[in-house]
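Student: My structure is below; once you've seen it, I'll send some questions.
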Amino acid sequence: MRNPVYKHNMNTVNWTLWLLLAMTYCALTYNPLYQLLLFAALAAAAVSGKQPLKTYVKTGLLASAIPLFVNTFLIHMGETVVYTIPASVNLNGLEIPLPIFAGPITIESTSVGVVMTIFLVNMLTAFQIFNSTTTPDAILRLMPSSMPGVALITSISLRFIPTVAADHSSIRDAQVSRGVRLDSGPLRARIRNHASTLAPTVITALERAFNLAESMASRGYTGGRTRYRHERWGRSEKIVSLAYMLSLLLTLHAKYAGAFDYWPYESTRLPAPSLLALMPLAALAIPILLKNERR
Amino acid sequence: MNAVELRNVTYRYPERDDYALRGLSLKVREGEFILITGSSGSGKSTLCRLLNGLVPRYYGGALSGSVTVDGMDASKHTVGEMSTHVGLVFQDPESQIVMSTVEDEIAFGLENRMLGAGEMEERIRWVSRRLGIAHLLDRRTNELSGGEKQKVVLASTLALKPRVLVLDEPTSQLDAESRMELLRLLKSLTGEGITVLMVEHCLDGVVGRADRVFDIDSGRKVILKVKPHKAAKKPKKTSGEVVLEVRGLCGGYGGRRVLDGVNLEVRAGECLAVTGRNGSGKTTLVKHFNGLLKPVAGSVRLFGMDTRETPTEVLARKISYLPQNPSDMLFCDTVEEELEFTLKHLGVGGDVEATLKKFGLAGHRDSYPRDLSVGEKQRVALAAVLVSNPGVVVLDEPTRGIDAASRETLTSTIREMAAGGTAVVVVTQDRRLAADVASRELRLGGGAVEG
């Protein structure tokens with residue numbers, strides 16, 4: 001999937017705070033109303049940045065299929081029974097036991113499954129929005145300028161991981177094509193056969209590292225550098241940071257004040273919305289006001 | 001004034017008895033476009049590294065003679081200092097990219113040059129417009145195609161505005177159209193006073209662009225006169241049995257569909273060329289032939305075996321696959337062991353001695369394969385996949401990075417195999433190879449068969 005870097009008029013520090021707030025809020029409540037409102041705030045941020053919200057939601061829904069299934073069919077807690085799965089079914093005279101599935105399907109368990117679905121969609125959407133507006137390089141640039149080498153080395157290492165993984169995949173393909181059994185046969189032979197993929201992977205990674213060093217030196221890398229990107233850190237950025245930090249504190253306070261309290265197994269009736277719990281959501285929608293004018 | 005001047009340069013890598021370069025002399029005038037050719041292992045890459053001081057500073061070894069680039073004596077300046085005059089672009093773009101976005105990658109060298117943000121922005125805009133990659137600036141570098149990466153790497157070097165640009169086989173991963181585009185661009189740079197030295201095996205499209213060709217083997221300039229290619233007589237279409245049958249094949253990687261309803265039959269004794277632009281699905285298609293990829297829809301049958309149900313290691317007894325990068329295969333201590341390794345794992349017999357001789361590797365039997373030149377590695381990998389005498393052979397971009405002599409060997413080997421009843425499938429961007437060996441061409445475009 002193509003994953004461009006979306007331009008957005010919010011700096012990396014504020015995107016990091018935004019992500020922290022979204023994750024904290026999401027993790028602290030089982031209340032479906034708050035989770036849905038959180039989704040609305042995230043969706044607004046994604047849409048305002050012209051990001052592919054549909055793809056994000058699809059990823060979240062795919063990831064949540066298992067918890068939804070487990071909660072609906074395997075967890076039998078709750079009092080409002082919709083249907084009871086029998087201990088066995090008779091198929092053409094053949095008695096098939098349903099040992100794990102047997103039991104009641106309840107509204108409460110299904111509700112937990114639904115809340116977990118929204119929870120996962122929210123978590124993944126927040127991460128994908130963050131990932132699409134920032135890069136590892138941008139995050140590493142937050143390191144103090146007294147340690148530029150550390151940031152660069154970390155950045156290169158991060159970039160190297162998928163490259164080495166891709167190399168290993170190609171090497172694996174090449175060796176399997178020569179008849180090397182990596183997934184079948186006796187364990188000892190398989191371990192030995194894996195050497196035929198690991199040795200070239202390590203050597204290739206070392207060769208790549210050397211080539212990269214040559215390329216960096218050829219472009220004048222000696223350690224001292226200026227910075228192309230200087231992220232804005234003016235009054236408006238400071239105000240946004242402050243808003244996120246206050247919202248984060250407010251979220252924690254709301255949790256300890258009981259504003260998020262709701263447990264679907266105990267009741268399917270939602271408590272009245274709390275202003276304290278709703279306020280941090282407004283901060284998550286700040287990216288709408290700062291839409292993509294410049295990076 | 002000469003932009004580049006080499007006087008009687010001799011160089012030997014540490015712990016090697018043979019010379020990488022011996023008594024080399026060369027003068028290149030400012031604004032010239034020089035093509036450097038030579039056989040595999042003749043020292044072309046060493047020459048490139050010599051021009052910006054990587055050799056001998058990074059490699060050690062013994063150097064004699066003098067190297068002057070843009071008036072600077074390479075032996076008296078650091079690589080960093082030389083980089084302000086010489087831009088060096090290597091063969092594999094993947095191994096040169098440092099940053100995670102295109103814009104940051106182009107800025108990398110400029111930041112090293114300690115330029116101000118304004119000037120960097122100006123240069124990034126200039127070079128991205130010049131190379132037609134302005135639309136890529138926000139893209140992540142790990143998501144670019146091979147051709148796009150090559151342009152980004154070139155852009156990050158050009159942004160430094162070097163007086164001399166040295167390129168070590170920059171077109172090896174480009175399709176024919178992108179290659180011509182790059183050659184046109186390099187020619188236009190010379191009009192701006194930039195001197196271009198390009199190492200390249202393939203002379204197609206060079207006429208009218210390069211001013212001179214320097215043959216490193218003879219140490220002489222040669223007159224740029226490329227004979228029009230006369231395609232060898234096309235192998236006859238064969239009526240042998242169908243060994244590979246592809247029906248309505250749809251498939252791809254990680255949920256991304258690359259192939260869309262491909263139908264194909266390959267017969268014993270024929271050579272099929274699979275062509276198409278970068279990203280058209282050529283490698284994806286052939287990886288379905290030996291079960292490395294399983295069809296999402298449709299079917300692939302090899303000698304009647306359904307590749308969806310048969311493990312690759314079993315199919316491997318009938319089909320050999322040479323990957324794009326021969327180094328992916330090579331890990332044994334000697335060339336001979338590489339061939340024996342294949343036979344051992346396939347559980348079949350084969351004539352190692354004859355295969356070594358056939359590919360001109362008898363003299364390298366005890367060499368460590370990864371120490372060999374690109375062309376020699378290619379020959380070892382080819383020998384290692386062909387030693388088992390398979391019924392179907394798939395070669396993925398086999399001419400990449402190999403010299404004219406290795407190419408001749410490859411062409412005759414393919415013809416011999418086809419004449420002997422082996423079905424050969426060659427994935428290639430190389431029009432000349434396709435014309436020389438293929439009895440049929442399958443052109444892919446957007447994951448489907450064109451035409």
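The values are calculated or read from the model by the stated rules, or taken from the named source; none is laboratory data. Here the structure is a predicted model, which means the values were calculated and not measured. So basically every Cβ, Gly included, is an ideal-geometry build from the backbone, and we count neighbours across all protein chains shown. Keep in mind that these areas ignore ligands, DNA and RNA; they rest on the heavy atoms of the full protein, side chains included. Shrake-Rupley method; radii C 1.70, N 1.55, O 1.52, S 1.80 Å.
Student: Taking the radius of gyration and the Kirkwood hydrodynamic radius from Cα positions alone, what is the Rg/Rh ratio for the range A:1-156, to two decimal places?
Tutor: Here the Rg-to-Rh quotient is 1.17.
Student: Based solely on C-alpha atoms, express the radius of gyration and the Dmax of the range B:1-93 in angstrom.
Tutor: In Å, with Rg to one decimal and Dmax whole: 12.7, 37.
Student: Could you give the angle, 0 to 90 degrees to the nearest 10, between helix B:335-346's Cα long axis and the longest principal axis of the Cα atoms of chain B?
Tutor: That works out to roughly 30 degrees.
Student: Got a sec to turn the phi values of the range A:134-143 into Karplus ³J(HN,Hα) couplings, 6.51 cos²θ - 1.76 cosθ + 1.60 with θ = phi - 60°, whole Hz, x for Gly and Pro?
Tutor: 10, 10, x, 4, 5, 5, 5, 5, 6, 5
Student: While we're on this one: Ordering B:Ser39, A:Ser132 by how much accessible area each has at a 1.4 Å probe, largest first, what is the list?
Tutor: B:Ser39, A:Ser132
Student: Quick one: what are the phi-derived ³J(HN,Hα) couplings along the range B:30-38, Karplus 6.51/-1.76/1.60 with θ = phi - 60°, whole Hz, x for glycine and proline?
Tutor: Here the 3J(HN,Hα) series is 4, x, 7, 10, 10, 9, 10, 10, x Hz.
Student: If B:Lys76, A:Lys238 are ordered by their accessible area, calculated over protein heavy atoms with a 1.4 Å probe, which sequence runs from highest to lowest?
Tutor: Most to least solvent-accessible, the answer reads B:Lys76, A:Lys238.
Student: Along its three principal axes, how long is the range B:248-344 when you only count alpha carbons? Whole Å, largest extent first please.
Tutor: That gives 42, 31, 29 Å along the principal axes, largest extent first.
Student: For the Cα atoms of chain B, what angle does the longest principal axis make with the long axis of helix B:176-190, in degrees from 0 to 90, nearest 10?
Tutor: 10
Student: Using only alpha-carbon positions, what ratio does the radius of gyration of the range B:1-155 give when scaled by 2.2 N^0.38 Å?
Tutor: Compactness ratio reported: 1.16.
Student: For chain B, compute Rg over Rh where Rg is the Cα radius of gyration and Rh is the Kirkwood radius from the inverse mean 1/r over Cα pairs.
Tutor: Rg/Rh for chain B comes to 0.98.
Student: So which GluC sites (Glu not before Pro) in the range A:228-295 end up in coil per DSSP with only 13 or fewer other C-beta atoms within 10 Å?
Tutor: Loop-located and lightly packed - A:Glu266, A:Glu293.
Student: Please average, across the residues of B:342-352, the number of beta carbons from any other chain that are within 10 Å of each residue's own beta carbon, and give a whole number.
Tutor: Average per residue, whole number: 2.
Student: Let me ask something else about it. Kindly report, to the nearest 10 Å², the accessible surface of B:Asp92 as traced by a 1.4 Å probe over protein heavy atoms only.
Tutor: 50
Student: What is the average number of partner chain Cβ atoms found within 10 Å of a Cβ in A:199-206?
Tutor: Partner-chain Cβ atoms within 10 Å, mean over residues of A:199-206: 3.
Student: Also: Could you check how many percent of all C-alpha pairs in the range B:286-329 are farther apart than 17 Å?
Tutor: It works out to 29 percent of all Cα pairs.
Student: Also, I was wondering about something else. My understanding is that a pair violates if its Cα-Cα distance is over 18 Å; which of B:Lys318/B:Lys344; B:Lys161/B:Lys187; B:Lys44/B:Lys161; B:Lys151/B:Lys187; B:Lys282/B:Lys344; A:Lys58/B:Lys287 do that in this structure?
Tutor: Going by Cα-Cα distance, B:Lys44/B:Lys161; B:Lys282/B:Lys344; A:Lys58/B:Lys287 fall outside the 18 Å limit.
Student: Something else: Based on DSSP loop calls and a cut-off of at most 14 other Cβ atoms within 10 Å, the longest stretch of chain B free of exposed GluC sites (Glu not before Pro) is what?
Tutor: B:16-191
Student: Further question: Given R₀ = 41 Å, FRET efficiency for B:Thr10-B:Met180 by Cβ-Cβ distance, to 0.05?
Tutor: For B:Thr10 and B:Met180, the calculated efficiency is 0.65.
Student: Please give the net charge around B:Thr413, taking every other residue with its beta carbon less than 11 angstrom from that of B:Thr413, where Lys and Arg add +1 and Asp and Glu add -1.
Tutor: The answer is +2.
Student: Here's a follow-up. Give me the mean projected area, in nm² to one decimal, of the convex hull enclosing the Cα positions of chain A.
Tutor: Result: 23.6 nm².
Student: Average the reciprocal distances over every distinct pair of alpha-carbons in the protein assembly as shown, invert the result, and give the Kirkwood radius in Å.
Tutor: 29.4
Student: Rounded, prolate or oblate: pick one for the range A:64-214, where a ≥ b ≥ c are the square roots of the eigenvalues of its C-alpha gyration tensor, a/c under 1.5 means rounded, and failing that, prolate if a/b is larger than b/c, else oblate.
Tutor: It comes out oblate by the Cα gyration axes.
Student: Further, regarding this structure: Across the Cα atoms of the range A:1-74, what radius of gyration and what greatest pairwise Cα-Cα distance (Dmax) are found, in Å?
Tutor: Radius of gyration, then largest Cα-Cα span, for the range A:1-74: 14.5, 46 Å.
Student: Just tell me how shielded B:88-97 is by partners: mean number of partner chain Cβ atoms within 10 Å of each residue's Cβ, no decimals.
Tutor: Taking the mean over all residues of the peptide, I get 5.
Student: For q = 0.10 Å⁻¹, what log10 I(q)/I(0) does the range B:342-448 give under the Debye formula with an equal point scatterer on each alpha carbon and no solvent?
Tutor: Debye intensities relative to I(0), on a log10 scale: -0.30.
Student: Sorting A:Ile161, B:Ile34, A:Ile286 by accessible area (1.4 Å probe), largest first, what list results?
Tutor: Correct descending sequence by accessible area is A:Ile161, A:Ile286, B:Ile34.
Student: Gap in Å between the Cα centre of the range A:223-295 and the Cα centre of the range A:7-61?
Tutor: If we compute the Cα centre of each part, the gap is 10 Å.
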